[in-house]
Amino acid sequence: MPAMQEPSASQPAGSPLDFALLLALATLWGASYTFIRVGVATIPPLTLMAARTLIAGSLLLAWLAARRTALPREPAMWRRFGVQALLNSVVPFTLIAWAEQSVDAGLATILNSASPVLAFLATWLVTRHEQVTRRKLFGVVAGLAGICLIIGTSAFGGLGHQLVPQLAIVAATVCYAGAALYGRAFHGLPAAVPAAGSMVVGSALLLPASLLVDHPWTLRPSAASVQALLALAVFSTATAFVIYFRLIKTLGSVATTSVAYLRVPIGVAIGMVFLGESLVPTAWAGLVCVVAGVAAMAIPARRPQPMQ
C-alpha cells in the first residue's frame with residue numbers, strides 16, 4: 001500500500017494531487033463492481049463482505065504497525081469508528097447485497113449514485129459545515145443526469161416494481177452520504193487510522209453474521225472468486241478507504257461524494273473490457289455530464305455564491 005501524505009501548506013485543497021486521488025478512488029471503487037460480480041459467483045454476499053472487511057482491516061493494521069502509528073484507545077473514538085463502520089460498510093454492504101438479488105443492476109447503480117445529492121442537501125439544510133454554492137448544485141444535478149444517460153433511461157422501467165429492495169438501496173445510499181458527512185469527525189487523525197478502525201469494527205460485526213448464516217467452512221470458492229476477493233479487499237477497500245478519508249479532509253464531504261458519479265463510467269468501462277458488456281447509445285453524452293458535474297463540485301470557486 002503506497003504511502004499517503006497528509007495535506008500540507010504545499011498541497012492546498014483542490015490541488016492536482018487531490019484530483020488524481022479522486023480519480024484513483026473512482027477507479028478503485030468502480031472496479032469493485034466487477035470484483036463483486038466475480039466473487040459472489042461462488043462466495044455468498046455476506047461472507048464476501050465479511051472477508052473483505054477482515055482482510056482490509058488486517059492490512060491497514062499491519063500498515064499502521066509498520067509506520068509505528070497506534071490506534072486511539074479512547075472509547076469515544078471507537079464509538080465513532082463504530083458509527084463510521086455502520087454507515088460506510090456494514091449496513092450499506094448488507095442492504096445492497098440483499099437488494100441486488102431482485103433489483104436490476106442498472107437501476108441499482110442509479111439509486112446508489114444519489115449520495116452526492118443527499119450530501120449536498122444535508123450540508124445545505126442541516127450541517128452547513130462547508131460552502132454550498134450554485135456551482136455545486138449544478139454539479140450534483142449534471143452528475144446524476146450523466147449517470148442516468150450512461151446506464152440508460154430504460155433502467156427506470158423497473159422503478160417501483162420491487163419497492164422494498166429499491167428502498168433498501170436508497171437507504172444504503174443515505175448511509176454513504178451520512179458517512180461522508182460523519183467522516184469530518186476524524187479530521188485530526190492520519191487517513192489510515194479511521195480507515196483501519198472502521199474496518200476492524202466492520203469485520204467484528206460482519207464475521208459473526210457470516211459464520212451464523214453462511215457456514216463459510218462448508219464453501220468451495222473458485223480460484224477466480226478468491227482472486228476477486230483479494231483484489232476487492234486490498235485495492236477497493238484498504239487502499240480506497242485511506243484515499244477516501246484523506247479527500248474528506250481536503251476536498252470536503254460534498255466534493256468527495258462526487259466519486260459516486262465518476263466510478264460508474266469507470267465501472268462500465270471495466271465491464272466492457274473484462275466482461276464483454278456494451279454501452280447504451282447515450283453513454284458518451286452521459287460521460288460529458290459526469291465530468292462537468294464532478295468538476296463543478298470539486299474545483300474550488302474563487303468567489304463562491306452561497307445558496308439563499
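The values are calculated or read from the model by the stated rules, or taken from the named source; none is laboratory data. No experiment lies behind these values; they were computed from the predicted model shown. Cβ coordinates were reconstructed from backbone atoms using ideal geometry, including for glycine residues, and neighbour counts include every protein chain displayed.
Could you please give the count of residues in the range 205-234 that are of a type in the set (Phe, Trp, Tyr) and closer than 25 Å to Ala31 by Cα?
Qualifying residue count for the region: 0.
Quick check: anything in the range 212-234 of a type in the set (Ser, Thr, Tyr), out of contact with any helix residue (DSSP H, G or I) (no Cβ under 8 Å at 6 or more places or on another chain) and either assigned to a helix (DSSP H, G or I) or without any contact (Cβ under 8 Å) to a residue 40 or more places away in the chain (or both)?
Yes, the range 212-234 contains a residue that is of a type in the set (Ser, Thr, Tyr), out of contact with any helix residue (DSSP H, G or I) (no Cβ under 8 Å at 6 or more places or on another chain) and either assigned to a helix (DSSP H, G or I) or without any contact (Cβ under 8 Å) to a residue 40 or more places away in the chain (or both).
Working only within the range 205-229, note down all residues that are surrounded by fewer than 17 Cβ atoms within 10 Å (Cβ to Cβ), over 12 Å from Pro45 (Cα atoms) and not polar (S, T, N, Q).
Listed by number, the residues that qualify are Pro208, Leu211, Leu212, His215, Trp217, Leu219, Arg220, Ala223, Ala224, Val226.
Restricting attention to the range 23-43, which residues are modelled with pLDDT of 90 or more, over 17 Å from the mean Cα position of the chain (by Cα) and surrounded by fewer than 23 Cβ atoms within 10 Å (Cβ to Cβ)?
Across the range 23-43, the qualifying residue is only Thr42.
Can you name the condition, by its number, that Pro190 falls short on among (1) more than 30 Å from Cys289 (Cα to Cα); (2) in contact with a Lys or Arg (Cβ under 7 Å, 6 or more places away or on another chain)?
(2)
For Leu60, work out the one condition from (1) under 14 Å from Ser225 (Cα atoms); (2) of a type outside the set (Gly, Ala, Ser); (3) outside any loop (DSSP other than H, G, I, E, B) it doesn't fulfil.
(1)
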